[in-house]
Amino acid sequence: MTQDELKALVGQAALQYVTPGEIVGVGTGSTVNKFIDALASIKGQIAGAVSSSEASTARLQSLGIPVFDAAAVGEIAVYIDGADEIDARGYMIKGGGAALTREKIVAAQSRRFVCIADESKLVKVLGAFPLPVEVIPMATARLARQFAALGATAQLRLKDGAPLVTDNGQNILDVRGLQITDPLGFESEVNQWPGVVTVGVFAHQKASVCLLGTLDGVRTLSY
Ligand code: 5RP
């Protein structure tokens, strides 16, 4: 099975966590795109979605799924999203698609976080994947120095040769060389650094369940 097929497998499997009649929280990325495609097959049974990015909103709407503003709805039953890395405790690195801030907001608004990922995303220690951090542009150089003091290297993410601008009008630093053994503490610490909008460690908003696509089928990890 290809990685793409594993993503489709978990995207389809996530439908069992969608509550009929309710609004579902929807993440961002290639795995979530498979989920959105699967969700379209049951769109008549749900009230709609709250989306974590302009890209997911466009895909949801193109498939006829109503998208609600997060600020206009209350608690969401379930949030479905991918991850760049997930560990045995359900702590994750996210933001490879630059949508981490809205992803964390919708995750925080949801009772349950169902992570969908292929098995390559399961790691022992978070940090091999460059950690995305959404930052206020004027703080990029100072924050890069602050990460350097931890022995890490922060690089401004570019798109078409210019700094990538997120859906929120900010930039992304990708931080290499970290071994995040205390995800809760690390997230709390970096969140306090002036100029940080969102750090891509999802420890306070960790997964409740992970549907892991493997060559033997979907493995369900509960936390
Ligand atoms: C986007 C994310 C994605 O969930 C993460 O990058 C995984 O993406 P993919 O499913 O394409 O591997 O955090 O900001």
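The values are calculated or read from the model by the stated rules, or taken from the named source; none is laboratory data. The structure presented is a predicted model; accordingly, all values stated were derived computationally and were not measured. All Cβ positions, even for glycine, are placed from backbone atoms using ideal geometry, and neighbour counts span all protein chains on display.
Out of all the residues in the stretch 6-21, is one or more under 27 Å from residue 171 (Cα atoms), within 12 Å of the ligand (Cβ to nearest atom), crowded, with 18+ Cβ neighbours inside 10 Å and assigned by TED's automatic domain parsing to the domain that holds residue 217? Don't jump to the end; show me each part of the working.
Kept after step one, since they are under 27 Å from residue 171 (Cα atoms), are these residues of the stretch 6-21: none.
No, because not a single residue in the stretch 6-21 is under 27 Å from residue 171 (Cα atoms), within 12 Å of the ligand (Cβ to nearest atom), crowded, with 18+ Cβ neighbours inside 10 Å and assigned by TED's automatic domain parsing to the domain that holds residue 217.
Conditions (1) touching a strand residue (DSSP E or B) at 6+ places or on another chain (Cβ under 8 Å); (2) within 24 Å of residue 203 (Cα to Cα); (3) surrounded by fewer than 18 Cβ atoms within 10 Å (Cβ to Cβ), marked per residue:
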site	(1), (2), (3)
26	yes, yes, no
32	yes, yes, no
48	yes, no, yes
64	no, no, yes
83	yes, yes, no
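Let me confirm something: among 156, 143, 173, which residue is more than 16 Å from the ligand (Cβ to nearest atom), in contact (Cβ under 8 Å) with a residue 40 or more places away in the chain and over 19 Å from residue 204 (Cα atoms)? Even if it seems obvious, please write down each step before you answer.
Working: 156 fails: in contact (Cβ under 8 Å) with a residue 40 or more places away in the chain; 173 fails: more than 16 Å from the ligand (Cβ to nearest atom).
On inspection, the qualifying residue turns out to be 143.
Given the stretch 77-194, what strands (runs of 3 or more DSSP E) lie entirely inside it while holding 2 or more residues that are closer than 30 Å to residue 220 by Cα and in contact with a Lys or Arg (Cβ under 9 Å, 6 or more places away or on another chain)?
Values: elements: 110-118, 131-135, 153-156, 171-176.
Output list reads 110-118, 131-135.
Looking only at residues that are in contact (Cβ under 8 Å) with a residue 12 or more places away in the chain and not charged (D, E, K, R) in the stretch 50-62, which one is surrounded by the fewest Cβ atoms within 10 Å (Cβ to Cβ)?
Here is the first cut: in the stretch 50-62, the residues in contact (Cβ under 8 Å) with a residue 12 or more places away in the chain are 50-56, 59-60.
Those still in the list that are not charged (D, E, K, R) too: 50-53, 55-56, 60.
Values: 50: 25, 51: 29, 52: 29, 53: 23, 55: 17, 56: 27, 60: 22.
Checked the stretch 50-62; the qualifying residue surrounded by the fewest Cβ atoms within 10 Å (Cβ to Cβ) is 55.
Kindly indicate which of 40, 8, 47 is among the small types (Gly, Ala, Ser) and either under 27 Å from residue 165 (Cβ atoms) or under 20 Å from the mean Cα position of the chain (by Cα) (or both).
Every option except 8 fails the conditions.
Would you tally the residues in the stretch 96-123 being among the hydroxyl-bearing types (Ser, Thr, Tyr) and within 12 Å of the ligand (Cβ to nearest atom)? Quick ask: steps written out before the conclusion?
Pass one, the stretch 96-123, residues among the hydroxyl-bearing types (Ser, Thr, Tyr): 101, 110, 120.
Those still in the list that are within 12 Å of the ligand (Cβ to nearest atom) too: 101, 120.
The qualifying residues number 2.
Looking at (1) closer than 17 Å to residue 207 by Cβ; (2) within 16 Å of the ligand (Cβ to nearest atom); (3) out of contact with any Leu (no Cβ under 6 Å at 6 or more places or on another chain), which is the only condition residue 77 fails?
(2)
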